[in-house]
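This report concerns only the one structure given below.
The values are calculated or read from the model by the stated rules, or taken from the named source; none is laboratory data. The structure presented is a predicted model; accordingly, all values stated were derived computationally and were not measured. Cβ sites come from the backbone with ideal geometry, for glycine too, and all protein chains shown count toward neighbours.
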Amino acid sequence: MRLASGVGRRASGLCALIAGSILSAAPVWKAPVSLPFGQLTVLELREDDPSAPPIPRPAVEDALGPFKLRAVEPSADGHGWRFTVQAMQPGLAVVPPLDLGDGRRAPELRVTVARTVDFGSPWVGYGGGREDVLPEIPFPFAWASLLLLPPLLLVGFFIWRWRRRADARAFAQARKSFQSAWPPKTKDRASLDAAHQAGRDLLASVFGESSRGWGAPDFRKAKLDAWSQWTASLDAARFGRTEPPFPDAAALLAPVDLEAKAGRP
């Protein structure tokens with residue numbers, strides 16, 4: 001029992017000694033006096049006592065105090081950690097003490113970040129230049145977008161008007177084509193087919209696609225007697241006959257124009 005109690009006392013003393021050595025070991029920062037603004041700089045947290053255990057990795061991920069943390073890697077001798085940081089705010093930067101998780105704490109680090117950078121460098125618009133620190137004035141995109149409203153409304157109006165007059169444009173184009181094709185200049189098959197197609201396109205632009213298949217009874221039912229003669233004269237001309245004769249273009253266009261004008265909004 002005495003032997004066991006002696007071994008226990010020695011083990012307790014050894015643990016206390018180890019704990020005391022850990023607590024007495026204090027990591028230190030290796031850092032320059034001043035950091036350049038916006039540039040990558042390496043700060044090192046290390047334990048100078050070679051007999052002390054290695055420093056655990058500090059629980060930092062995206063930032064080290066006020067610095068943007070870009071990389072973390074162990075020191076070459078394994079007694080510390082190297083932090084690649086980027087200072088994005090001029091002035092005095094303070095890194096608070098870090099709890100390393102094994103009873104040790106990294107001391108507070110105070111570093112000055114230069115307030116100006118060389119004019120023309122990539123950071124001149126963010127942290128200085130000739131005018132030192134430029135004020136941050138956010139651009140009011142939400143309010144500025146209201147300036148787009150009048151031109152958008154104008155474009156929308158023109159699109160609406162263009163689509164609204166699509167039928168009128170189709171009728172005008174079909175009427176012009178029919179006037180150039182009627183009456184046929186010659187009685188060959190090509191001229192007769194062109195005149196027939198131009199007439200059907202004109203009718204379809206006013207009376208709808210179903211009018212492309214209208215015959216003489218349909219024309220008489222729609223009170224288009226001149227068009228009834230039109231289709232009969234084309235059929236006769238295809239077989240070399242002259243009766244009934246081609247109706248006058250004005251007689252054909254008059255009822256069509258009247259119908260188009262009545263149906264136009």
Subject >> Pair list, Cβ < 6 Å and 6+ apart or interchain, from the stretch 62-79 residues that are closer than 17 Å to Glu108 by Cβ to residues that are part of a loop (DSSP other than H, G, I, E, B) and among the small types (Gly, Ala, Ser) >> reply: Phe67/Ala87
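Here's the yes/no breakdown for (1) within 17 Å of Gly38 (Cα to Cα); (2) surrounded by 19 or more Cβ atoms within 10 Å (Cβ to Cβ); (3) outside the structural domain of Pro36 (by TED's automatic domain parsing); (4) touching an Asp or Glu at 6+ places or on another chain (Cβ under 9 Å):
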residue: Lys68; (1), (2), (3), (4): yes, no, no, yes
residue: Glu73; (1), (2), (3), (4): no, no, no, no
residue: Gly80; (1), (2), (3), (4): no, yes, no, yes
residue: Leu92; (1), (2), (3), (4): yes, no, no, no
residue: Gly101; (1), (2), (3), (4): no, no, no, no
residue: Ala106; (1), (2), (3), (4): no, yes, no, yes
Subject >> Condition broken by Val206, with the remaining ones in (1) over 30 Å from Arg164 (Cα atoms); (2) assigned to a helix (DSSP H, G or I) satisfied >> reply: (1)
Original post:
Is it the case that Phe239 is at pLDDT 85 or above and over 22 Å from Phe171 (Cα atoms)?
Top reply: no
Original post:
Any chance the stretch 194-213 includes a residue that's in the same structural domain as Leu258 (by TED's automatic domain parsing), of a type in the set (A, V, I, L, M), closer than 24 Å to Val256 by Cβ and free of Cβ contacts under 8 Å to residues at least 24 places away in the same chain?
Top reply: yes
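If you go through the stretch 151-192 one residue at a time, how many are assigned to a helix (DSSP H, G or I) and farther than 18 Å from Pro247 by Cβ? Don't jump to the end; show me each part of the working.
To start, the set of residues in the stretch 151-192 that are assigned to a helix (DSSP H, G or I) comprises 151-164, 166-181, 189-192.
With farther than 18 Å from Pro247 by Cβ added as a condition, the list becomes 151-164, 166-173, 176, 189-190.
Matching residues across the stretch 151-192 total 25.
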